[in-house]
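Colleague: After the structure tokens below, expect a handful of questions from me.
The values are calculated or read from the model by the stated rules, or taken from the named source; none is laboratory data. Source: prediction; values computed, not measured. We place every Cβ from the backbone using ideal geometry, glycine too, and count neighbours over all the protein chains shown.
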Amino acid sequence: MEVAAAVTECYAALGEGTSGSPRWRPVVAQARRAFASEFGVAEDEISFMASTGEAMNAIARAVRWQPGDEILALTGEFPTVTLPWLHPGAGVRLVAVNPLLGDDRLGALLTAIGAHTRVVVVSHISSFTGTLVDLDTLGRACAQAGATLVVDGAQSAGAIPLTLDHVDFYIATGYKWLLAGFGVAVVVSKRASMLQMQPTLLGYGNQAPPPALAYGHLNLPGVYALASAATLRQRIGLEAIHARIAQLARRVYNETVGMGYNPVAALERSSGIVSLGGIPEAQDVVARLAAAGVAVAERGGYLRISPNFYTADREVDQLLTALNDLRVTR
């Protein structure tokens, strides 16, 4: 309700035309401050774009490519993470890296980084398996190799504590854990990393130095939603939110293992998402659970369970009861 009210307020300000700018400019500044604080970066390293896809494409087209450069990405990534890097330029190629045994995504990338690696692009948390990648370890390895680390934070921002000290670019969509809906994304562009770029998606928004990714006007209703949702999450307490999500995910993990299910990510690499593998016709299971009043998703053939901080214990009870009943009847 608070986010909806904020968006309504935005349209009231926009209805005043240019006279409404004194109403919306402070909200943009508030949103930038909130995310700079939450992500541990400088305010001028925060920008807002329409989506993860727009930001990924802008970054891919801003790299000063050289023949022989390579981009590393894991197989089985979300399409938005990899598709923008398919045609970067002559003599540049995208290298697909298979996760190691146990969905070890970090180990696979560390092994693959080499002399020609120019960019490593990765999901902080896999949308399909729920596996978490240690960005500090990966970022240090990228820096040592002279490579740029670009991270999709769709499944992590708002759900887990973030440390972006060794990340060059980090993109967090508004519609998942940030509670702000579709059509807006928060983009972290480190100053030093951005100075190495030459944006080619251009508009009035980035017509003058220093280089910037955002080239058009802001989606102001989306920024209002982000600012309102950030205020809500900070009022509840970010640590409390992270702890609650982790508690629920651990419970789902441990109890589904006890039923004989197979979570894809090992517990030490798990996040707020628990994805169960080895379930035939997972989409049918999603429908059967929905009929029992339980909302889960099928992603990549896995049954994805992602409780949020507002998920009640009784709802987890309902999920686990339904999963146990399915196990018994299989």
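Colleague: Scan the range 164-188 for residues that are touching a helix residue (DSSP H, G or I) at 6+ places or on another chain (Cβ under 6 Å) and of a type in the set (Gly, Ala, Ser) and jot them down.
Modeller: Gly174, Ala180, Gly181, Gly183, Ala185
Colleague: Is it the case, given these coordinates, that Thr321 is polar (S, T, N, Q) and either touching a strand residue (DSSP E or B) at 6+ places or on another chain (Cβ under 9 Å) or not assigned by TED's automatic domain parsing to the domain that holds Ile59 (or both)?
Modeller: Answer is yes for this residue.
Colleague: Of the conditions (1) farther than 20 Å from Leu213 by Cβ; (2) touching a Cys at 6+ places or on another chain (Cβ under 7 Å), Leu179 fails just one. Which one is it?
Modeller: Here Leu179 meets the rest and fails (2).
Colleague: Would you mind finding the one in Thr117, Thr52, Thr75 that is among the hydroxyl-bearing types (Ser, Thr, Tyr), over 28 Å from Tyr302 (Cα atoms) and in contact with a strand residue (DSSP E or B) (Cβ under 7 Å, 6 or more places away or on another chain)?
Modeller: After applying the criteria, what remains is Thr117.
Colleague: Looking only at the range 243-294, count every residue that is under 20 Å from Phe309 (Cα atoms), part of a helix (DSSP H, G or I) and touching a strand residue (DSSP E or B) at 6+ places or on another chain (Cβ under 7 Å) and tell me the total.
Modeller: Here the count works out to 5.
Colleague: Please find, within the range 99-132, the residue that is farthest from Ile160 (Cα to Cα) out of those that are touching a residue at least 60 places away in the same chain (Cβ under 8 Å) and among the β-branched types (Val, Ile, Thr).
Modeller: Across the range 99-132, the extreme among qualifying residues is Val121.
For (1) of a type in the set (A, V, I, L, M, F, W, C); (2) crowded, with 17+ Cβ neighbours inside 10 Å; (3) outside the structural domain of Ser156 (by TED's automatic domain parsing), each residue gets a yes or a no:
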residue	(1), (2), (3)
Arg250	no, no, yes
Gly258	no, no, yes
Arg269	no, yes, yes
Ser275	no, yes, yes
Asp284	no, no, yes
Ala291	yes, no, yes
Gly300	no, no, yes
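Colleague: Among what's in the range 45-59 and is touching a residue at least 40 places away in the same chain (Cβ under 8 Å) and among the small types (Gly, Ala, Ser), pick the residue that is farthest from Asn206 (Cα to Cα).
Modeller: It comes out as Ser51.
Colleague: Right, something else. Inspect all residues belonging to the range 18-28 and state whether any of them is in contact with a Phe, Trp or Tyr (Cβ under 9 Å, 6 or more places away or on another chain), assigned by TED's automatic domain parsing to the domain that holds Ile160 and surrounded by fewer than 20 Cβ atoms within 10 Å (Cβ to Cβ).
Modeller: Yes, that holds for at least one residue.
Colleague: Another one. Quickly run through the range 128-161 and pick out the residues that are over 21 Å from Gly53 (Cβ atoms), outside any helix (DSSP H, G or I) and not hydroxyl-bearing (Ser, Thr, Tyr).
Modeller: Within the range 128-161, Gly130, Leu132, Asp134, Gly146, Ala147, Ile160, Pro161 qualify.
Colleague: Here is a further query. Inside the range 169-209, can you point out the residues that are within 30 Å of Ala297 (Cβ to Cβ) and in a loop (DSSP other than H, G, I, E, B)?
Modeller: Hits for the range 169-209 are Gly174, Tyr175, Lys176, Trp177, Leu178, Leu179, Ala180, Gly181, Phe182, Gly183, Val184.
Colleague: Only one residue in Glu38, Glu16 is in contact with a helix residue (DSSP H, G or I) (Cβ under 9 Å, 6 or more places away or on another chain), acidic (Asp, Glu) and over 18 Å from Lys190 (Cα atoms), so which one is that?
Modeller: That would be Glu16, the only listed residue that is in contact with a helix residue (DSSP H, G or I) (Cβ under 9 Å, 6 or more places away or on another chain), acidic (Asp, Glu) and over 18 Å from Lys190 (Cα atoms).
Colleague: Could you tell me whether Leu162 is assigned by TED's automatic domain parsing to the domain that holds Ile71, of a type in the set (A, V, I, L, M) and closer than 19 Å to Arg191 by Cβ?
Modeller: yes
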